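Report on the structure given below.
The values are calculated or read from the model by the stated rules, or taken from the named source; none is laboratory data. If you're wondering where the values come from, they're calculated on a predicted model, not measured in any experiment. Positions of Cβ are backbone-derived with ideal geometry, glycine not excepted, and every protein chain shown enters the neighbour counts.
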Amino acid sequence: MRTLYRQFLLAMLFIITFSLVAGFFVANYLYLTSSKEVNDENNVKVALEMKSALEQMHGVGLDNYMTSIGNIGYQVYVISDNGYEKFFGGKFQDTELPDFAREQVLAGDIYHGMKEFSDKTFMTGFFANELNNTVGVPFTYNDEQYGLFLRPNIKLMFSDVHSILASLLLSTIVISVIGVLWMAKQLIRPITQLTEATQQITNDNYNVSLDINRQDEIGQLAESFNTMVEQLQENDRARKEFISNVSHDFQSPLLNIQGYADLLGMKEITEEERFEYSGIIDKEAKRLSILTKQLLLLTSLDQSTRMMRREPFALHEQLITIIQKYRWRLEELQLDISYSIQPVEYNGDESLLENVWDNLLTNAMKYNQKNGTIFVELASSESSVIVKIRDSGIGMEPAELDRIFDRFYRADDSRTKDGTGLGLSIVKDILALHDATITVSSKVGIGTEFVVTLPK
Ligand code: ADP
């Protein structure tokens with residue numbers, strides 16, 4: 001695998017090599033365009049000073065003088081017109097010198113070998129240790145005509161200050177490389193941790209938490225990741241609980257149906273018992289049917305597959321129709337219903353909202369008390385439509401109020417009534433799709449009031 005770290009290392013080596021090569025070309029260009037000439041001039045100046053020193057010298061031999069010049073850092077070649085020819089100082093790698101250079105200098109002219117040095121050489125001419133890469137000046141010594149060719153001894157020059165500079169450059173490069181690689185490791189480590197954690201999650205293991213404390217973008221990424229993991233853990237827990245609730249809620253009516261169907265098959269049961277058992281089977285089958293419908297509705301609300309169909313409709317008519325639908329049931333339960341309903345046109349999903357009022361109204365009936373009352377109110381303000389459904393029923397404890405919108409939650413006092421515990425969670429989901437809110441206030445033994453606020 002091409003690890004990030006290896007890519008970083010390769011990129012780093014490439015950049016160093018590239019910058020060295022580019023730097024060399026820049027230095028070479030500068031040398032060829034300006035330094036080369038300046039270098040030549042400077043060396044001619046030095047040679048001319050030697051020439052005047054030599055011409056005024058008495059007593060010290062030419063060879064001795066040249067040897068000390070060689071010792072202080074120059075490579076020297078001296079010739080005369082009567083055949084004298086000697087090298088002093090460091091050795092030249094290439095001792096070829098064009099004849100015209102010798103003739104020119106012995107004739108009294110200056111030879112600018114450094115300035116004229118070939119441009120084609122790949123290596124910077126400054127370093128070329130060749131005899132033709134020198135400057136030559138004429139001088140007279142003991143009435144004889146001499147030629148002095150010289151160039152600085154690069155080897156000697158490099159042995160002092162330059163070696164310090166070279167080691168400075170080298171150590172800077174080495175320390176930078178180590179530093180950058182360390183930095184890269186610090187950057188890559190949390191990414192590796194993130195990758196491992198993601199793999200764990202892919203394998204359904206949500207018990208992972210990243211221990212990355214950074215203030216930068218990677219820190220933010222780790223924080224978002226941890227939040228996502230918490231959310232996934234919660235979803236996983238809810239999913240498992242949902243599945244176990246669904247299985248349980250299907251299991252008990254099925255067991256009842258099975259048991260009572262067996263009893264029905266027995267010969268010795270009375271007509272009365274047969275009637276009772278078939279009634280129970282019918283009730284449990286209805287319960288299963290309601291449960292299935294509610295689950296299907298919840299799933300479609302969850303997956304948003306059921307697209308909202310918003311259309312303006314008469315909300316007041318919808319509420320009155322539902323109240324009328326339950327009139328016989330209200331009478332049966334000896335409940336008194338009253339309402340105050342304003343005419344309101346509302347733009348929403350009519351059939352989904354019907355589920356909301358149906359649920360709230362059937363709850364107000366189911367959890368009511370004998371001779372109880374129900375009050376329904378529909379009012380409209382500038383920004384919202386408010387629906388209130390109040391009952392004088394059994395009420396709820398404050399702790400129960402926090403949970404009534406959870407799927408499958410049923411308060412203990414309600415267990416005796418028919419129900420699935422899904423009604424209010426469906427209500428909550430439908431209202432969320434309408435950006436609406438629902439609040440509840442309740443007192444045990446006194447009653448409950450649900451207030452739905454639909455934005456206009
Ligand atoms: P259920 O099918 O049990 O009615 P819901 O989701 O509609 O399920 O309601 C959840 C629980 O909230 C009920 O089981 C009941 O305990 C409580 N509840 C809902 N409405 C009322 C109400 N009007 N009065 C008292 N308790 C209520």
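I'm checking my understanding of the structure. Among residues of the range 297-318 that are surrounded by fewer than 16 Cβ atoms within 10 Å (Cβ to Cβ) and at pLDDT 90 or above, which one is nearest to the chain's Cα centre (by Cα)?
Here the answer is 310.
Since residue 341 meets every condition but one in (1) surrounded by fewer than 18 Cβ atoms within 10 Å (Cβ to Cβ); (2) within 16 Å of the ligand (Cβ to nearest atom); (3) closer than 28 Å to residue 433 by Cα; (4) modelled with pLDDT of 95 or more, which condition does it not meet?
Only one criterion in (1) surrounded by fewer than 18 Cβ atoms within 10 Å (Cβ to Cβ); (2) within 16 Å of the ligand (Cβ to nearest atom); (3) closer than 28 Å to residue 433 by Cα; (4) modelled with pLDDT of 95 or more is unmet by residue 341, namely (2).
To keep it simple, each residue is scored yes or no on (1) at pLDDT below 90; (2) in contact with a Phe, Trp or Tyr (Cβ under 9 Å, 6 or more places away or on another chain); (3) surrounded by 11 or more Cβ atoms within 10 Å (Cβ to Cβ).
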site: 181; (1), (2), (3): yes, yes, yes
site: 213; (1), (2), (3): yes, no, no
site: 216; (1), (2), (3): yes, no, no
site: 228; (1), (2), (3): no, no, yes
site: 263; (1), (2), (3): no, yes, yes
site: 270; (1), (2), (3): no, no, no
site: 281; (1), (2), (3): no, yes, yes
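What's the total number of residues in the range 135-161 that are touching a helix residue (DSSP H, G or I) at 6+ places or on another chain (Cβ under 9 Å) and surrounded by fewer than 17 Cβ atoms within 10 Å (Cβ to Cβ)?
Of the residues in that region, 5 qualify.
Please pick out the residue among 31, 5 that is within 30 Å of residue 76 (Cβ to Cβ), in contact (Cβ under 8 Å) with a residue 12 or more places away in the chain and hydroxyl-bearing (Ser, Thr, Tyr).
Step by step, each of 31, 5 is checked, and only 31 is within 30 Å of residue 76 (Cβ to Cβ), in contact (Cβ under 8 Å) with a residue 12 or more places away in the chain and hydroxyl-bearing (Ser, Thr, Tyr).
Give the range 387-421 a look and list any residue that's near the ligand (Cβ under 6 Å from one of its atoms), of a type outside the set (Val, Ile, Thr), under 19 Å from residue 283 (Cβ atoms) and not in a helix (DSSP H, G or I), or say none.
Matches in the range 387-421: 410, 419, 421.
Taking into account only those residues within the range 422-447 that are assigned to a loop (DSSP other than H, G, I, E, B) and touching a residue at least 40 places away in the same chain (Cβ under 8 Å), which is farthest from the ligand (Cβ to nearest atom)?
Residue satisfying both the conditions and the ranking: 434.
Can you find even one residue in the range 53-67 that is over 60 Å from the mean Cα position of the chain (by Cα), aliphatic (A, V, I, L, M) and within 18 Å of residue 130 (Cα to Cα)?
no
Within the range 75-97, which residues are in contact with a helix residue (DSSP H, G or I) (Cβ under 8 Å, 6 or more places away or on another chain) and either part of a strand (DSSP E or B) or surrounded by fewer than 18 Cβ atoms within 10 Å (Cβ to Cβ) (or both)?
Across the range 75-97, the qualifying residues are 76, 78, 79, 80, 81, 86, 88.
Quick one: residue 360 ticks every box in (1) farther than 15 Å from residue 423 by Cβ; (2) at pLDDT 95 or above except a single one, so which number is it?
Unmet for residue 360, out of (1) farther than 15 Å from residue 423 by Cβ; (2) at pLDDT 95 or above: (1).
Starting from residues that are part of a helix (DSSP H, G or I) and more than 12 Å from the ligand (Cβ to nearest atom), keep the ones in the range 350-386 and report whichever is surrounded by the most Cβ atoms within 10 Å (Cβ to Cβ).
Selected residue: 353.
Determine which single condition residue 347 fails, assuming it passes every other condition in (1) farther than 20 Å from residue 437 by Cβ; (2) not in a helix (DSSP H, G or I).
Tallying (1) farther than 20 Å from residue 437 by Cβ; (2) not in a helix (DSSP H, G or I), residue 347 fails exactly one: (1).
Could you tell me whether any residue of the range 192-210 is part of a helix (DSSP H, G or I), over 17 Å from the mean Cα position of the chain (by Cα) and loosely packed, with under 11 Cβ neighbours inside 10 Å?
yes
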